[in-house]
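The values are calculated or read from the model by the stated rules, or taken from the named source; none is laboratory data. Because the structure is predicted, anything quoted here is derived from the model rather than measured. Don't worry about glycine lacking a Cβ; one is built from the backbone with ideal geometry, like all the others, and counts go over all protein chains shown. Just so you know, the surface numbers come from the protein's heavy atoms only, side chains and all, with ligands and any DNA or RNA stripped out. Shrake-Rupley method; radii C 1.70, N 1.55, O 1.52, S 1.80 Å.
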Protein chains: 2
Amino acid sequence: SVNPDLASERQTASFSVEKLTALLDGGAEQTRIRRAVVEAIESDPVFSRENQYFQTQNERYEAAVRKAVHLQKKMHEMGWTENGPEYKYIYRALSGDVAFLLHRVFMRSISVLGSDKQIATWIPLATQHKLIGSYAQTELGHGTYLQGLETTAVFDTATQEFILNTPKISAMKWWPGDMGRSATHTVVFAQLYIHGKCYGIHPFIVQIRSLQDHSLCPGITAGDIGPKMNFEHIDNGYLLLKNVRIPRENMLSKFCEVRPDGTYVRQGSQKINYFTMTTVRISLISDEVLTPLMKACTIAIRYSVVRRQSKLKPGEQEAKILDYQTQQEKLLPQLAAAYAFHFTNDYLQELFNRGYREIQKKNFDMLPELHALSSGFKAVITQHCTAGVEICLRACGGHGYSLLSGLPSLYTKILASCIYEGENTILLLQTARFLIKCFMAASAGQPVPPSVTYLAAVKHRKCPAKNKLDFLSPDIYTEAYQHVAVRLTSSTAAKLQDLIQSGVKKHDAWNQCTVQLVQAAKAHCHYIAVKNFAETVEKLETKAGIQKIMKHLCDLFALHGMFSNTGAFLHDGYASAAQMDMVTASYLDLLAVIRKDAVPLVDAFDFTDQSLNSALGSYDGQVYQRLYEWAQKSPTNQMSPAYERYLKPLLHNTLSKL
Amino acid sequence: SVNPDLASERQTASFSVEKLTALLDGGAEQTRIRRAVVEAIESDPVFSRENQYFQTQNERYEAAVRKAVHLQKKMHEMGWTENGPEYKYIYRALSGDVAFLLHRVFMRSISVLGSDKQIATWIPLATQHKLIGSYAQTELGHGTYLQGLETTAVFDTATQEFILNTPKISAMKWWPGDMGRSATHTVVFAQLYIHGKCYGIHPFIVQIRSLQDHSLCPGITAGDIGPKMNFEHIDNGYLLLKNVRIPRENMLSKFCEVRPDGTYVRQGSQKINYFTMTTVRISLISDEVLTPLMKACTIAIRYSVVRRQSKLKPGEQEAKILDYQTQQEKLLPQLAAAYAFHFTNDYLQELFNRGYREIQKKNFDMLPELHALSSGFKAVITQHCTAGVEICLRACGGHGYSLLSGLPSLYTKILASCIYEGENTILLLQTARFLIKCFMAASAGQPVPPSVTYLAAVKHRKCPAKNKLDFLSPDIYTEAYQHVAVRLTSSTAAKLQDLIQSGVKKHDAWNQCTVQLVQAAKAHCHYIAVKNFAETVEKLETKAGIQKIMKHLCDLFALHGMFSNTGAFLHDGYASAAQMDMVTASYLDLLAVIRKDAVPLVDAFDFTDQSLNSALGSYDGQVYQRLYEWAQKSPTNQMSPAYERYLKPLLHNTLSKL
C-alpha cells in the first residue's frame, strides 16, 4: 500500500509520466527494452544488492566478481550481445556493482592502440576470458601529467625484449581497477628507451599473474590499495615492476613500432587517441553522473512529501517538508539540473557522433571543439551533480545520513567522478585555453567553431527585461548567460595580454589568470547548457503537458543559476539590481509551481526500488517501516563481544580496581 | 627524514610557529598541558587508531567501548579529573573515537533537569558506571519539532507509575548514541498525560537493559540502527516501549512535578533549558567542526607542497601543486576560515560566559541574543567547515579519495554536524526571526542587544575604496559586510510586511520569505565573523610576526567572501564593478602572499601524526612510502575466496559451459 501522502502527489500530475519517461529514454521502444533488461537482472538473485550496505570491502569485491562471472552466463541465456540494443542498460541495471570494468578498457585499448595482428591475438583471448585484463597508467606520483610517468621500458636488442621497471616508489602503478586482485594481464604505460634514448610514453601488454594458479609473475609485486570512500567492490591495485621482460611484440604498435634492430617507426595519426579521452568523458556522464543525481532527487523528493515536520499553519497537522520554501529551494534546482544535463548529454552525444563520422572521413577539424566541450562539461556536470547529490543527502536530515537511505553511497561514488578521467580544474583550464584561442581568432575576424562563434558577437547592450515575467523568456535569460560568458572570456583575455605586455612571462601570466579562466570556462558551459535546454524545449511536442513542465524546469535551471550568482550579471551593469530582484521573484514563484509536479517528475526517471536501494525513496513511501526492518538485519544487531569483555566487568565493578 | 620539499617550506616562515600555537591554545601553559595529555594518550596502545580505516562497524564499536573503559583507568592513573585543566584535551586527543559520550549527556540532563533528590540518587551511580546512560529524544518521525514527539507517558495514580509507550512506528526512538548496544538506562522524552490531559514533553529515566545480564527489560525492544556515513564507533540505537512502567520518581522534576494524586505542578523557570541547547551548540564548534577543518587543511596543504605535477615553467622540474593559483584558491581560503572561526569561537565562548554569569544572577536578558548567535554560528560554521573539508579532499585528487588520506573520514564525520543539534536551515531561520524582530525594534527606536545595534544605523553611503590596497583595510571590508547584512535584513523585512499588508496570512508570508531570511541570517553571521577577526588582529602583539600573518588571513577571509559573492556587494550600488575588480585583484595577490607561509600556518595547529592518521599529511611528508606501507596492511590484501570460486573456473574455462 502506498503512503497516502505520496499517493496524493501523483494524482495531480500536470503531464503524462509515461510519456516523459519515453522522452528521457529516447522513445517508447527504448523504454520497453530497458525495462526488460531491468526485469531480467532484478529477478535474478545473484545480482541482488540487498545486503550491500552491511558488507565489508572483501565481501563487496567477492560479490562483484561473482556478478561479473554470472553476467557472462546471463547474457548468453538472454541472447544479449555487446552490440545489441540491451547492452547499454545492463550496467545501469546493475548500478555499476560489477567487476571487470577495466577488462573492457583493456580490450578497448588493444583495439584502438594495437596492430591488426595484436588485435587478432589478444581480443579473442580476452573475449573468452582466458585472461583478465586491466589498464595501468596512473602512478603513485603521477596522474594528470602523462609525460611525467616514471615507469620505464628499455628495449634489449639482444633478446628482442622490453625490460620494464618502476624505478622509484612514485613510479609504482596505483589505482588501476581489477588489478589489485583479479587481473592476469594489464596494459602498462611506460617511457620507451631504445639505445639510451627516450621516446616517450607507450603502451605494453604485461602479464602479471599466472594463468595456472594466479600467483604473481617473476619481478611483479601487486596488491590492493586498500579502503576508499566508495568503490569497495573494485580491487583498485598497485603494481611494482622489477626487470620484467616482455617480448617485442607486446608493445601496442598501431601508431609506433620498434623494429628488431631498435629502429623506432612512427606510423599513422595519433589524433584518434585524443578522441578516445573525449569518448570516455562523454560516456561517463550518463551512467556515473546523471543517474546518481536522478536517484538522489527521487529519494529526497519522495521522502520530502512523506516526512512531516513542524507546522506551516497553526492548528493544522504537521506539514510535508517539501511545502517549505527552503526545502524546495534545496531540491527543485537539483531536479531541474538533472533534466538540463540530460539534454546536454544528448547534445554532446550528437556532436560526438558527428565528430566520429568526420574522423572516419579523416577530417579532424572538429576535434578541438569536441575536446573543449567534453572537458568542460565533464567538469561542470560532475561538479554540479556531486553538489546536487550532497544537497539531497543533507535535505533528508538524519535519515539521509544513514547508509540505508542510499544517499551516502550515491554521494561517495559520484564524488570520484570529479577526480577520475581528468581532474576537473585541469579540464576547465583546457576548455579555457580553447576559449581564449577562439576569442583571439574571432576578434581578429578569423573563423571559429560553431559553439564559440558567439564570442565574436560582443554586444554591449543591457538586459531588456521589464518585469518578472520577462525572465521566463528563454531569449532573455539565454542572452544574459551569453553576455556573462563573453565578458568573462574577454576580460580574462585582456588581463592575460596586459600581463604579458607588462613583461610577465607567458606561463606566469597564465598561472595568474587561472582562477578567472576557470570562471570563464564554467560560464561558457553554463551558457551552452541553458541555450540547449531552451532549444530542446522549443522542439518538444506540446501534447500531454510535456513541453509545459519542461519549460518550467528550463526556466528554473536558468533562473537558479542567475539567483545563485547575481554578481556575474550585475557586474558591468548588464542587469540592474531591480532586474535581479525580478529574477529572484520569478525564481521563487517557479519553485512553488514545480513543487506540485515534483513527485511525477522523479517518477518519470523510472527507477525501481531495487535500483534505488533506499529505505527513504521507495515507490510506496513506507519510509519508517523500511528503516526499521532494514536496521534489524544489520550485523551490528548481533551479539557483541564487547559486553562480556568490557561492559559486564565495568557494570559489575569487576574491572581491576580503578 | 623530512621530505625536502616540505622541509624547505618551514625555513622561510615569517612568524614564530610556537608563538602562534600558544595563541591558539590560549597561552603557552595551555599548550604544555595539552601536549602532556596528547603524549599520555598516544603512547598508550589501547588508544591507537592505527587500523581504524580497515575495521568493520562491529570492530569500531568494540574498540570504542574498550577505549571508554580504559579511559576511566587512565584518568585515575594520570590524576586527571572532569574538572581539571586536562579534561578538555582528552576528547581531542582521542579524536572523539570513544564510547559513552551519551552517558555524559545522560548525566548532564539529570543535573540540569532533575531534582536535588534525583541528582543525589542517579549521579553517583552514573559516575561509578553502575549503569550506562543514554538520552532518547529524537524519534523515527520527529527530530527538530519537539512538540511533535509521539512517545507517551501516562500517569497511573493507582500504582503511582508512568506507563510509557511508543504508540506508532514513527514514535520509535531513533538515533540516540550508546543506546543500540551499551546503555542500561536512558532519559526518554515523552508527552505526559494525566487523567487524559496532555501536559507536553517531559523527561523520564527508563531502565532498558538488565544490570545483571544486559538482557532487554520487559516491554523494551531496542537495537542498533545500522550503518551510517561515519560514527561507526557509536551504537546509535532504536527503542520501542510497550507499556513500560516506571515509578513516579523517575520523571525528572526540577521544573515540573506530578504529585501522587496526579496534580501537575510547575516550578522555577525553564528558561535555563533554552540555555542548555546554546551550551551544546557552542561547545561542539571547537571539537567537532574546527578541529576537523584544521586537520583537513594540514593534510591538504602538506600534501600540496610534496606533490609535484605538471610544469609551471618549461624546462624546469614539475611544480609543487600549491604553486598553482587554482590550488591556492581552493586551500588558502579554508585555512583563513579555520583561523577566522577559531576567533569567532573565542568570541562566542566569552559571550556565553558572560551570559552564564548573568543567568546565575537571575538575569535572562542576554538569552535571545545568545540563542540567535549560537544558532546562526552553529549553522554557518558547520556549513562552511564541511564545505572546506570537502574542498581539501577534492584538492588532493585521487589520493584524497583513499581512506588512508584521512580526509574521507573527516568529511563524512563533519557532515553530520550540519544535521545534529539543530538542522542548519531551521537554526538560521531562528536567527533570522531574531534579526527581523530586532530590526523592527531598532527602526522604532527601541533598544536592541549589542550584536544587532548596527541594524539601526542604516547608511546609504557607498564603498569609499579607491584602489586595490584600500581593500586591505579592515574598516573598508567590515563596513561592506555590515552594509550587506543590513540590506538583506531590511529588504526581507519589507517584503514580509508587504506580503502581510497585501493580505497574505502571516505564516504563509513567512514561508515565502524564508529563502531570503536564510540569506540575511548568514550575512549577519558573516559580518560578525569578519568584524571579530579584524578586532582580534588589532589587539594581537606585533612581535614575532604573528599580527602580520593574522592580518593577511583576516584580509583573505574577508576578500574571499566578497569575491565569492560579488552580487551581494554590487546589488544596490554599494560597491561598483571597478571596486569588485579591485577586490579580485587584492584577493588573488593575497593568495600568493599567504602561500609562502602555508605550511607554518598549518604546523601551528600542532597535530601529531597519530591524531591526523593520514598517509598524506604526516609531519615528514613521506607520502608515497606511507601509502604503500599502509595499503599492504589492508585486509583486501589477504587471499580472497573469489579466486577459487569464480576466477579460476572462469579462466580455466571450467565454469558450466556458457
Handout entry: Electrostatic dipole magnitude of the stretch A:436-583 [Cβ: Lys, Arg +1; Asp, Glu -1; Cα centre; debye, to 20]
Key = 140
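Please report the relative contact order for the stretch A:131-267, taking Cα pairs under 8 Å with a sequence separation of at least 6, and give it as a percent rounded to a whole number. Present the calculation step by step, with values, prior to reporting the outcome.
Values: 330 pairs, mean separation 37.3, N = 137.
It comes to 27 percent, rounded to a whole number.
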Exercise for the section: Take the alpha-carbon positions of the protein assembly as shown, form their convex hull, and give its projected area averaged over all directions (one quarter of the hull surface) in nm². Expected result: 50.3
Exercise for the section: Leaving ligands, DNA and RNA out of it, work out the accessible area of B:Ser109 with a 1.4 Å probe and give it in Å² to the nearest 10. Expected result: 10
Handout entry: Cβ-vector label at 7 Å, A:Pro464, separations to other copies in nm
Key = 4.3
Practice task
Please give the per residue accessible area of the protein assembly as shown, computed with a probe of 1.4 Å over protein heavy atoms only, in Å².
Solution key: 38
Completion exercise
Sorted by chain and number, the residues with a modelled amide H under 5 Å from that of B:Gln622, at a separation of 5 or more or across chains, are B:Asn3
Fill in the blank from the handout: Shielding of B:217-225 by other chains, given as the mean Cβ count within 10 Å, works out to 3
Practice task
Mind checking which of B:Gly133, B:Pro260, B:Thr166 is farthest towards the positive end of the stretch B:131-267's charge dipole, using Cβ charges of +1 (Lys, Arg) and -1 (Asp, Glu) about the Cα centre?
Solution key: B:Pro260
Handout entry: Net +/- balance of residues flanking A:Ala494 in space, Cβ distance below 14 Å, scoring K and R +1, D and E -1
Key = -1
Handout entry: Net charge of neighbours whose Cβ lies under 9 Å from the Cβ of B:Gln610, counting Lys and Arg as +1 and Asp and Glu as -1
Key = -2
Practice task
Quick one: with label points 7 Å out along Cα→Cβ, list the inter-copy distances for B:Ser443 in nm, shortest first?
Solution key: 4.8
Practice task
Note down the net charge around A:Ala158, summing +1 for each Lys or Arg and -1 for each Asp or Glu among other residues with Cβ under 14 Å from its Cβ.
Solution key: -1
Completion exercise
Partner shielding of A:55-63, taken as the mean number of other chain Cβ atoms within 10 Å, equals 4
Exercise for the section: Using a 1.4 Å probe on the heavy atoms of the protein chains only, list every residue of the stretch A:407-422 that has 40 Å² or more less accessible area in the complete assembly than in its chain alone. Expected result: A:Tyr411, A:Leu415, A:Ile419
Fill in the blank from the handout: With +1 on the Cβ of every Lys and Arg and -1 on the Cβ of every Asp and Glu, the dipole magnitude of the protein assembly as shown about its Cα centre, in debye rounded to the nearest 20, is 600
Practice task
Let me know the whole percent of all Cα-Cα pairs from the stretch A:493-541 that are separated by more than 13 Å.
Solution key: 64
Exercise for the section: Would you be so kind as to list the residues of the stretch B:557-576 that have their accessible area lowered by at least 10 Å² in the full protein complex compared with their chain by itself (1.4 Å probe)? Expected result: B:Phe563, B:Thr566, B:Gly567, B:Leu570, B:His571
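If you take each beta carbon of peptide A:622-635 and count the beta carbons of other chains within 10 angstrom, what is the mean?
Whole-number average of other-chain Cβ neighbours for A:622-635 is 5.
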Practice task
Have a look at B:Tyr87, A:Ser634, A:Cys418 and report the one farthest towards the positive end of the charge dipole of the protein assembly as shown, computed about the Cα centre with Cβ charges (Lys/Arg +1, Asp/Glu -1).
Solution key: A:Cys418
Problem - B:Ser215-A:Asp620 pseudo-label distance in nm [points 7 Å out on the Cα-to-Cβ vector] - result: 3.4
Completion exercise
Cα pairs beyond 21 Å in the stretch A:131-267, in percent, come to 38
Completion exercise
Given Cβ charges of +1 for Lys and Arg and -1 for Asp and Glu, the option among B:Ile208, B:Gln147, B:His233 whose Cα lies farthest towards the positive end of the dipole of the stretch B:131-267 is B:Gln147
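The stretch A:300-338: which trypsin sites (Lys or Arg not before Pro) are DSSP loop and have at most 10 other beta-carbon atoms within 10 angstrom?
Qualifying residues, ordered by number: none.
As a test of the formula, what do you get for chain B when each DSSP H run with n ≥ 4 contributes -39,500 (n - 2.57) and the sum is divided by the residue count, at 222 nm and rounded to the nearest 500 deg cm²/dmol?
When only DSSP H runs of four or more count, the value is -17000 deg cm²/dmol.
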Practice task
Give the value in nm², to one decimal: projected area of the alpha carbon convex hull of chain B, averaged over all directions.
Solution key: 38.5
Fill in the blank from the handout: Checking the stretch B:231-294 for trypsin sites (Lys or Arg not before Pro) in a loop per DSSP with at most 16 other beta-carbon atoms within 10 Å yields B:Lys242
Problem - the stretch B:131-267, dipole about Cα centre (Lys/Arg Cβ +1, Asp/Glu Cβ -1), debye to the nearest 20 - result: 260
Practice task
Would you mind checking which residues have amide H under 5 Å from A:Ala190's amide H? H placed 1.01 Å from N; only 5 or more apart, or other chain.
Solution key: A:His202, A:Phe204
Fill in the blank from the handout: Note on chain A: helices (DSSP H) long enough, at least 20 Å by alpha carbon along their axis, and hydrophobic enough, mean Kyte-Doolittle at least -0.5, are A:28-42, A:271-284, A:291-306, A:367-395, A:424-443, A:474-501, A:506-539, A:546-563, A:577-595
Fill in the blank from the handout: Chains B and A: accessible area buried, summed over both chains, 1.4 Å probe, nearest 100 Å², reads 10800
Handout entry: Among A:81-88, A:44-51, A:403-410, the order from most to least packed when residues are scored by Cβ within 10 Å on average
Key = A:403-410, A:44-51, A:81-88
Exercise for the section: Run the accessible area of chain B with a 1.4 Å probe and give the carbon-and-sulfur part as a rounded percent. Expected result: 53
Handout entry: Average Cα contact separation per residue, chain B, under 8 Å, 6 or more apart, as relative contact order %
Key = 15
